[in-house]
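Input: a single structure, listed below in C-alpha cells.
The values are calculated or read from the model by the stated rules, or taken from the named source; none is laboratory data. Please read all numbers here as calculations on a predicted model, not as lab measurements. Here the Cβ is made from the backbone with ideal geometry for all residues, glycine too, and neighbour counts use every protein chain on show. Surface areas here come from the heavy atoms of the whole protein model, side chains and all, with no ligands, DNA or RNA. Shrake-Rupley method; radii C 1.70, N 1.55, O 1.52, S 1.80 Å.
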Amino acid sequence: MSLVANIAASYRRPGDVLGRMLAEGAREDRALALCMGGCIAMFVAQWPRLSREAYLSGDDLQMLLGGSLLGVVFILPLALYLLAGLSHLLCRLLGGQGTGFGARLALFWALVAATPLMLLHGLVAGFIGPGAAKSLIGLAWIVGFGWIWIAGLRRAEFGAGTGA
C-alpha cells in the first residue's frame, strides 16, 4: 500500500497496517526513515505557530526555527529510540514476544500516521492561536497517536488480534 493509504488505514485498523509492515521483514533503514520523516513533519507543523509567535513577540523567526530544528529533528529521534526501547522492555516484562525492531516500528509509524492531525494542530496554532480549537485538535492528535501506537505495539509484541 502507499504511504497515504497506510495512514488512512491506520485510523481504522492500525494493527493490520503494522502487521503488514512487520511481514516485510526487519529493515532498520525503513524504521529510521519513518522516524526522521515523522520528526521533519513535526518540525514543519511548528512553522505557523513559530511565525505567529515571532510576529507577536518581536523575536527573530530564524532563531525560533533553528531551535525547533535542533530539538525536533536532531534530539527528538534519540528520545524516540529510547522510548521505543523502554516500551519493548515493558512489554517483555508483561510477556511480550516481539523484537526491538517491532517496538521501534510501532512507535515511528504512529508518529507518521498521526502527521495529518499534527499538521492541522500547527495550522490552528498559527492562524487561530490558543483556545478551544487548538486544545481539541491537540487532544485528537494525542488520542490518534496513542491509539495507533498501542495497537501497533500490541501487534508487534503480542501478535494480538487482526485489527486494532
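Does A106 satisfy the criteria of being open to solvent by less than 20 Å² (accessible area, probe 1.4 Å) and among the small types (G, A, S)?
Working: open to solvent by less than 20 Å² (accessible area, probe 1.4 Å): yes; among the small types (G, A, S): yes.
Spelling it out, A106 is indeed open to solvent by less than 20 Å² (accessible area, probe 1.4 Å) and among the small types (G, A, S).
Quick one: which of L18, L76, L50, L64 is of a type outside the set (S, T, N, Q), surrounded by 15 or more Cβ atoms within 10 Å (Cβ to Cβ), in contact with a Phe, Trp or Tyr (Cβ under 7 Å, 6 or more places away or on another chain) and assigned to a helix (DSSP H, G or I)? First the steps, then the outcome.
Working: L76 fails: in contact with a Phe, Trp or Tyr (Cβ under 7 Å, 6 or more places away or on another chain); L50 fails: in contact with a Phe, Trp or Tyr (Cβ under 7 Å, 6 or more places away or on another chain); L64 fails: in contact with a Phe, Trp or Tyr (Cβ under 7 Å, 6 or more places away or on another chain).
Result: L18 is the single residue among L18, L76, L50, L64 that is of a type outside the set (S, T, N, Q), surrounded by 15 or more Cβ atoms within 10 Å (Cβ to Cβ), in contact with a Phe, Trp or Tyr (Cβ under 7 Å, 6 or more places away or on another chain) and assigned to a helix (DSSP H, G or I).
Which ones in the range 128-158 are out of contact with any helix residue (DSSP H, G or I) (no Cβ under 6 Å at 6 or more places or on another chain) and either over 26 Å from G19 (Cα atoms) or exposed (fewer than 14 other Cβ atoms within 10 Å of the Cβ) (or both)? Working first, answer last.
If we filter the range 128-158 for residues that are out of contact with any helix residue (DSSP H, G or I) (no Cβ under 6 Å at 6 or more places or on another chain), which is where we start, we get 128-132, 135-136, 139, 142-143, 146-147, 150, 154, 158.
Scanning the range 128-158 gives I128, G129, P130, G131, A132, S135, L136, L139, I142, V143, G146.
Are there any pairs, at least 6 apart or on different chains, whose C-beta atoms fall under 6 Å, with the first in the range 141-161 and free of Cβ contacts under 8 Å to residues at least 40 places away in the same chain and the second not in a helix (DSSP H, G or I), and if so, which?
W141/A114; F145/A114
What single numbered condition from (1) assigned to a helix (DSSP H, G or I); (2) open to solvent by less than 50 Å² (accessible area, probe 1.4 Å) fails to hold for I40?
Condition not satisfied by I40: (2).
Out of (1) open to solvent by less than 60 Å² (accessible area, probe 1.4 Å); (2) part of a loop (DSSP other than H, G, I, E, B), the odd one out for A26 is which?
Result: A26 fails condition (1) only.
Identify, from the list V112, V124, the residue that is hydrophobic (A, V, I, L, M, F, W, C), open to solvent by less than 40 Å² (accessible area, probe 1.4 Å) and free of Cβ contacts under 8 Å to residues at least 60 places away in the same chain. Spell out how you get there, then give the answer.
Details: V112 fails: free of Cβ contacts under 8 Å to residues at least 60 places away in the same chain.
Among V112, V124, only V124 is hydrophobic (A, V, I, L, M, F, W, C), open to solvent by less than 40 Å² (accessible area, probe 1.4 Å) and free of Cβ contacts under 8 Å to residues at least 60 places away in the same chain.
Hey, among the residues in the range 4-55 that are closer than 14 Å to A103 by Cα and charged (D, E, K, R), which one's nearest to the chain's Cα centre (by Cα)?
R30
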